[in-house]
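The values are calculated or read from the model by the stated rules, or taken from the named source; none is laboratory data. In this text, all values refer to a predicted model and were calculated from it rather than measured experimentally. Every residue, glycine as well, gets a Cβ built from its backbone with ideal geometry; the counts of neighbours run over all protein chains shown.
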Amino acid sequence: MDAAHTPPNQPKATVRTDPDCQEVKRRLRVARNALGISQREATQRAGISQSVLEKYESRDNLRLPSTRQLFRLAEVYGVAIDYLLGRTDQPALGPATRTSALGQVEQSASPDLS
């Protein structure tokens, strides 16, 4: 039985929207727009496909970036990962910190050859 035909005494089916997910998507759009760059330019800088970024920014899709992609987008946008995740309202991140954070991600992603 669909929501349009639900009897009045039964609650209508609702679509669950994760506010954290929607906040990440909003902040991705805000950060990119603050730089005044297109999705295409952002994806070229971050090394991801435009269709993937479109999904990350879309309100209709629940897909979120992987950790690696989130770090790349944060670097491109010049913001902290915590800002994109909604853990802080302070988007600014100094260049030395950005490089250090990205180096840690790249280093942790490299196989240990010792």
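Among the residues making up the range 17-49, a single one is touching a Ser or Thr at 6+ places or on another chain (Cβ under 8 Å) and surrounded by fewer than 14 Cβ atoms within 10 Å (Cβ to Cβ): SER49. Filtering the range 17-26 to residues that are assigned to a helix (DSSP H, G or I) and over 12 Å from the mean Cα position of the chain (by Cα) leaves only PRO19.
Would you check which residues across the range 47-71 are hydroxyl-bearing (Ser, Thr, Tyr) and assigned to a helix (DSSP H, G or I) and list them? Those that are hydroxyl-bearing (Ser, Thr, Tyr) and assigned to a helix (DSSP H, G or I): SER51, TYR56, THR67.
Taking into account only those residues within the range 27-46 that are of a type outside the set (A, V, I, L, M, F, W, C) and part of a loop (DSSP other than H, G, I, E, B), which is nearest to ASP89 (Cα to Cα)? In this case the residue turns out to be GLY36. Tell me, please, whether a residue that is of a type outside the set (Ser, Thr, Tyr), assigned to a helix (DSSP H, G or I), more than 17 Å from VAL30 (Cα to Cα) and modelled with pLDDT under 90 can be found in the range 84-97. Yes, because at least one residue in the range 84-97 is of a type outside the set (Ser, Thr, Tyr), assigned to a helix (DSSP H, G or I), more than 17 Å from VAL30 (Cα to Cα) and modelled with pLDDT under 90. The number of residues in the range 21-57 being touching a residue at least 24 places away in the same chain (Cβ under 8 Å) and of a type in the set (Gly, Ala, Ser) comes to 5. In the condition set (1) among the charged types (D, E, K, R); (2) farther than 18 Å from GLU23 by Cα; (3) at pLDDT 85 or above, ASP112 is compliant with all but (3).
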